[in-house]
Amino acid sequence: MEILMHYINNQNYNKIVELAKNNLSIKYDKDMATYLVCSYIELGDLDNAEKEIDNLLKKEPKDIWIKFLKARVSYMKAEYQEVINILFQCISKFKNKIPKKIKVSIYNLLGATYKILGDSNAGAKYYYIAYNNTDNDRERIIEYSNYLFCINYLDNMNDQEVFKAHSKYNELFENFKTIENRTLNKKSKIRIGYISPDFRKHVVVFFSFKLLANYDKNKFEVICYAKGSEDGVTSQLKTLVDGWRNINNLSEDEAAILIKNDEIDILFDLSGHTANSCLPILARKPAPIQISGIGYFNTTGLKAVDYFLTDINCDPIGANDNLFIEKLLRLPHTHFCYTPSDEVPEVEYLSPQEKKGYITFGSFNNFTKVTDEILLMWKKIMDRFNNSKLLLKSSVFNSEYGTEVIKKRLERLGFDLTQIELRGFSADYLEEYNEIDIALDTYPYPGGGTTCDALYMGVPVITLVGERHGSRFGYSILKNIEMEECIAFTKIDYIEKAISLANDTKKLKQWRKILRGKMEKSPLMNGDLYMDSIEQAYIRIYQEYLDAENRQKIIKELIPLIETFREGQIYIVDSFKKGDFSKGVEQVINDTLIGVDYISDILKNEAETVIAMLNNIKSFYIKLRKSYQEKKCNIESNDDFLVLLKRLKGDG
């Protein structure tokens, strides 16, 4: 058993399989057989996992955990109807007898299944039930993140409701201890840490590659913290930066201590509430300045995160600040820089309409983003073109059951299925943009990577603009490549713009030929412009932090000085009563004492106000007790005030 636990702790699943098979060949052991199944699942060997599960169920037909593992394998094989059937049978049969840990796993898997089938309301519901059914802090954090991610797809929650739900995330960390804050000392290079579970072939890398490849090595050092699997893209990224740490097997506390010991000045989280989130590490506050953005499209809800990266298009100045826990760090053009895949194919200048004789609309977005409302808008567009086609491509269509679910939904909304083609996800998806004339964006959760991919393949995108950050991604992308004619601010406008463009054959041919070059010359792909903007922002917030630290040092010195002076008030007043001071000077000193007393009262909560008051105090007169000699003390700076206070308490 000791050897087995060693393999488990080191995630050496091949060794677990070998050990389990050897032991099971001697005698049957339920736990060992379960370890064998779980190892096959982790290795992605679904056929062997399913085979062993079936063998186990013959011996343990009432074991709910084994039934759950069967549902999990079915999910990984995109057999979603089987997943739903197994899990609801478990809920119905075992009811209140289901152990909490297994209940959490069941509702988590239901949430994931309904989300991928495009039913985000059910997905959010089951994620929330999972969150409510665990007392384990780590599980609660994970399940609540799942819930938050899912509600971004919903069109029946307003912006304030979504913000309120995100704000509650911080409550999950109220009993957690943060790492002792490290003092930020000014040095020749600012040390940036990027943390993500997606430093691999992933859309986040297409938007963050320039952060690692184009930074100014004379002003910055960069260390990456990878909390996920690695591939060939990872190997390439490692060569670009000053340091690389794989933290996948570290606890949140261990990762936070590592980041602190690396003396990171600015820690940038690229995950938000996406899978394998890094936010629990940021909750420990391992870096003095912490930012989130790019990988997520809403507030983190975490007070330990100081800034959220955005741009003036996603969050115009004066707008949306009330929808973020963090301060908005706005860039002047775009808050991400698109880097296309190395495998991107060439654009076919002969359009699908020219080849086939009819207009083809399309969307390659994750179908979870596709609401009934947006589908009805697409239908109104297609109704204006009797022979038009709609090409939808998403991973849900890799599942036969998923395809049937979506077909029934489309029929319910009145679509003619002969005009629609549903395709599953494939690695060569970029090539298929050559089969689309116009891409239709989703709402309220628009495309990011898919929009950029479409545009780079010469396909114009019609987008609808919302209010909150996440619903303005498409707007920011199109604004940065000067495609305002494809930006709609109302549903009617969205429909009319799509129809107008579909009728403009000349315009479509023009876009197909020039869009790629237009993107490459725009801020959206200008790595130097992007890095100049973001590095200026880094330098500014770094300096602001240093200035704030210096102000706090002044405040810390002022507090004991002022408190000492307050304690001496009685002595000075007694001196007045004895006639040791002239009447005129007595009034001046009394006025001064009132001012200092007022400063002391507000000092603890209003540091900025204190500094302003100190700068406004010009002069006051002090009569020395013995000589009655008047001395004028001019206060022109904080340092002058410190000297004055030291004189008053007898230190100088």
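Scan segment 179-211 for residues that are over 17 Å from the mean Cα position of the chain (by Cα), touching a residue at least 24 places away in the same chain (Cβ under 8 Å) and under 20 Å from residue 282 (Cα atoms) and the total you get is 8. Taking every residue in segment 2-25 that is more than 27 Å from residue 228 (Cβ to Cβ) and pairing it with any residue that is buried (at least 16 other Cβ atoms within 10 Å of the Cβ), at least 6 positions away or on another chain, the pairs with Cβ-Cβ distances below 8 Å are 3/19; 21/36; 23/32; 24/32; 24/33; 24/36. For segment 171-200, name all the residues that are open to solvent by 20 Å² or more (accessible area, probe 1.4 Å) and among the polar types (S, T, N, Q). Of everything in segment 171-200, those that are open to solvent by 20 Å² or more (accessible area, probe 1.4 Å) and among the polar types (S, T, N, Q) turn out to be 175, 178, 181, 183, 185, 188.
Please determine, by comparing only the residues of segment 476-507 that are open to solvent by 80 Å² or more (accessible area, probe 1.4 Å) and among the basic types (Lys, Arg), which one is farthest from residue 310 (Cα to Cα). That would be 506. For segment 306-324, the candidate set comprises residues that are surrounded by fewer than 19 Cβ atoms within 10 Å (Cβ to Cβ) and of a type in the set (Val, Ile, Thr); within that set, the residue that is farthest from the chain's Cα centre (by Cα) is 317. I want to confirm something. Restricting to segment 423-447 and keeping residues that are open to solvent by 40 Å² or more (accessible area, probe 1.4 Å) and touching a Gly at 6+ places or on another chain (Cβ under 9 Å), which single residue is farthest from residue 474 (Cα to Cα)? Looking at residues that are open to solvent by 40 Å² or more (accessible area, probe 1.4 Å) and touching a Gly at 6+ places or on another chain (Cβ under 9 Å), I get 435. For segment 33-52, the candidate set comprises residues that are touching a Leu at 6+ places or on another chain (Cβ under 6 Å) and over 27 Å from residue 247 (Cα atoms); within that set, the residue that is least open to solvent (accessible area, probe 1.4 Å) is 33. Out of the residues in segment 322-371 that are touching a strand residue (DSSP E or B) at 6+ places or on another chain (Cβ under 6 Å) and among the charged types (D, E, K, R), which is nearest to residue 511 (Cα to Cα)? This residue is 330. Only one entry in 124, 130 is touching an Asp or Glu at 6+ places or on another chain (Cβ under 8 Å), buried (at least 17 other Cβ atoms within 10 Å of the Cβ), among the aliphatic types (A, V, I, L, M) and not in a loop (DSSP other than H, G, I, E, B), namely 130. Taking residue 203 and the conditions (1) over 21 Å from residue 305 (Cα atoms); (2) surrounded by 20 or more Cβ atoms within 10 Å (Cβ to Cβ), which numbered condition does it fall short on, given that it satisfies the others? Looking at each condition in turn, residue 203 falls short on (2).
Is it true that residue 456 is under 23 Å from residue 394 (Cα atoms), open to solvent by 10 Å² or more (accessible area, probe 1.4 Å) and either modelled with pLDDT of 95 or more or β-branched (Val, Ile, Thr) (or both)?
So residue 456 fits the description; yes.
Taking the residues in segment 70-104 that are within 19 Å of residue 46 (Cα to Cα) and of a type in the set (Gly, Ala, Ser) as candidates, determine which candidate is surrounded by the most Cβ atoms within 10 Å (Cβ to Cβ). My answer is 71. Residue 7 falls short on exactly one of the conditions (1) under 25 Å from residue 79 (Cβ atoms); (2) under 37 Å from the mean Cα position of the chain (by Cα); (3) surrounded by 14 or more Cβ atoms within 10 Å (Cβ to Cβ), and that condition is (1). For first residues located in segment 332-360 and in contact (Cβ under 8 Å) with a residue 24 or more places away in the chain and farther than 29 Å from residue 472 by Cα, partners that are assigned to a loop (DSSP other than H, G, I, E, B) and open to solvent by 30 Å² or more (accessible area, probe 1.4 Å) and lie 6+ apart or on another chain with Cβ distances below 7 Å form the pairs 358/387. Residues of segment 391-417 that are within 16 Å of residue 363 (Cβ to Cβ) and of a type in the set (Val, Ile, Thr): 396, 403, 406. Only residues that are surrounded by fewer than 23 Cβ atoms within 10 Å (Cβ to Cβ) and of a type in the set (D, E, K, R): list them for segment 268-305, please. 284, 303 - these are the residues of segment 268-305 that are surrounded by fewer than 23 Cβ atoms within 10 Å (Cβ to Cβ) and of a type in the set (D, E, K, R). The residues of segment 377-398 that are in a loop (DSSP other than H, G, I, E, B) and surrounded by fewer than 22 Cβ atoms within 10 Å (Cβ to Cβ), listed by number, are 383, 384, 385, 386, 387, 388. Residues that are closer than 24 Å to residue 517 by Cα and out of contact with any Phe, Trp or Tyr (no Cβ under 6 Å at 6 or more places or on another chain) number at least 1 in the following strands (runs of 3 or more DSSP E) confined to segment 403-506: 438-440, 461-464. The criterion of being aromatic (Phe, Trp, Tyr) and more than 28 Å from residue 374 (Cβ to Cβ) does not hold for residue 163.
The values are calculated or read from the model by the stated rules, or taken from the named source; none is laboratory data. Everything numeric here is computed off the predicted structure, so don't read it as measured data. Cβ: placed from backbone, ideal geometry, glycine included. Neighbour counts: every protein chain shown. Heads up: the accessible areas ignore ligands, DNA and RNA and are worked out on the full protein's heavy atoms, side chains in. Shrake-Rupley method; radii C 1.70, N 1.55, O 1.52, S 1.80 Å.
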